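Have a look at the structure below, then the notes.
The values are calculated or read from the model by the stated rules, or taken from the named source; none is laboratory data. Please read these numbers as outputs of a predicted model, since none were measured by experiment. Here the Cβ positions follow ideal geometry from the backbone for every residue, glycine too, while neighbour counts run over all protein chains shown.
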Amino acid sequence: MSEDIRWKQRFSNYKKAAIQLTEFIEKDELNKFEVQGLIQCFEYTFELAWKTMKDFLEQEGFEVKSPRNAIQTAFQIQLITNGHVWIDALQKRNLMAHTYDEDIAKEAEHLIKHNYYPVIKELLLKLEDMI
């Protein structure tokens, strides 16, 4: 029972983070400081996303050893539909630490808005249906 509570608590934090991320996404134009904020917001939202996935999967009886393993398992059981986008986001997280480089920051902004945000939103809606 405690695992069931844990994934729901984690989901609650994930949902709050996703709402903040949505605020960045819905702004038309971001200045360089807002882009940094978007990237940071994405980083902790992504972290909560895969950990929520992990907690949910463990509650379902799966053993999850890493973020990559959580993503692969979630894809196998059709909790997520774009496994390759999740893996790409996982790999690009390290690149995003370099927000002081405006070119990298702009690339990160594009990836977050067009590739990663849709899958974060999709997982949120899917998990919301399970609560």
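Quick notes on this structure:
- Taken as a whole, the condition of being within 11 Å of the chain's Cα centre (by Cα), crowded, with 18+ Cβ neighbours inside 10 Å and over 15 Å from I19 (Cα atoms) does not apply to A70.
- Number of residues in segment 24-40 that are surrounded by 13 or more Cβ atoms within 10 Å (Cβ to Cβ) and closer than 12 Å to K113 by Cα: the value is 6.
- Candidate set: segment 41-62, residues that are charged (D, E, K, R) and assigned to a helix (DSSP H, G or I); chosen: the one surrounded by the fewest Cβ atoms within 10 Å (Cβ to Cβ): E47
- Scanning segment 34-52 finds one or more residues that are among the basic types (K, R) and at pLDDT 95 or above.
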